[in-house]
1. So what are the ³J(HN,Hα) numbers for the range 52-61, from phi and the Karplus equation (6.51, -1.76, 1.60; θ = phi - 60°), rounded to whole Hz, Gly and Pro as x?
2. From the phi angles alone, apply the Karplus equation (6.51, -1.76, 1.60; θ = phi - 60°) to the range 115-128 and give each ³J(HN,Hα) in whole Hz, x where the residue is Gly or Pro.
3. Suppose a student asked you for the relative contact order of the range 130-231, using Cα pairs under 8 Å spaced at least 6 residues apart; what percent would you report?
4. Rank-order 86-94, 181-189 by packing density, defined as the average count of other C-beta atoms within 10 Å over each peptide's residues, highest first.
5. Taking 7 Å along the Cα-to-C-beta vector as the label spot, tell me the Val66-His89 distance in nanometres, rounded to one decimal.
6. What is the antiparallel percent of DSSP beta bridges lying wholly in the chain, to the nearest 5?
7. Considering the options Gly214, Ala86, Gly187, tell which one lies farthest towards the positive end of the dipole of the chain, charges being +1 on Lys and Arg and -1 on Asp and Glu at the Cβ, about the Cα centre.
8. If I model the range 151-231 as equal point scatterers sitting on the Cα atoms and use the Debye formula, what is log10 I(q)/I(0) at q = 0.26 Å⁻¹?
Amino acid sequence: MTDNPMMGAYVIGGLVMLVSWLVGQQLRSRFAKYSKTPLSNGMSGAEIAQRMLHDNGIFNVKVTHVPGQLTDHYNPANRTVNLSEAVYHQRNAAAAAVAAHEVGHAVQHATAYQWLTMRSKLVPVVSVASNLVQWVLLGGILLINTFPQLLLFGIVLFALLTLFSIVTLPVEYDASNRALAWMKQRGIVTSGELAMSADALKWAARTYLIAAIGSIGTLMYYVMMYVNRRD
């Protein structure tokens, strides 16, 4: 462990940021490329989302649009599929992938998918933990030899954030799998368009994977710092 307790965390954080940036660049590149491929069926992202909802017997979820890029999300609180302006209006392979993925979350909600249920239950706790963790960890590191319990508390808070990032993985991968299976089963896209959608969603999922790996690595660093402290 380094002589400067914070240095190891900075190194891990820097590596995660670098890999996240590289994956993000690939993600944006893929979406830019597939946004230039018009869908053979001529459907917009909004139309695809609505069609997938109805095909799954879901009629109480509203499809709407939000400003920004890659701001697409499903809100279980008010049952809305929120698509970015480009995804909502455009008619291409990238828009189809994102729209169907977000509806995948709505299907998870409607079928009480266990990982989504667990993730939703963690949200309030994680919200509080995320506001406290950096200050508690900083104080714990500064007082590691006189008040190590503070660092231990910070580790518990960070562990909750790490658990949340891990639970998010099956939620995101399952939503993509539901989206691709539906598009293939219903013949919504051609085989080539399906391959593009799958590739776009693969890179989107990798952003969550990198975040989870980085969180686990940082958590282990803090745990080792606590275990190896000088009493």
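Just so you know, all these numbers are worked out from the coordinates, no wet-lab data involved. Owing to the predicted nature of the structure, the values given are computational and were not obtained by experimental measurement. All Cβ positions, even for glycine, are placed from backbone atoms using ideal geometry, and neighbour counts span all protein chains on display.
1. 5, 4, 5, 5, 9, x, 9, 10, 10, 10
2. Whole-Hz 3J(HN,Hα) from phi for the range 115-128: 5, 5, 4, 4, 4, 5, 5, 7, 3, x, 5, 5, 4, 5.
3. Details: 69 pairs, mean separation 33.6, N = 102.
Relative contact order of the range 130-231: 33 percent.
4. On the way: 86-94: 22.1, 181-189: 15.7.
Peptide ranking by packing, descending: 86-94, 181-189.
5. The modelled label-to-label distance comes out at 1.9 nm.
6. On the way: 4 of 9 bridges.
Roughly 45 percent of the DSSP beta bridges within the chain come out antiparallel.
7. Gly187
8. Rounded to two decimals, the profile gives -1.12.
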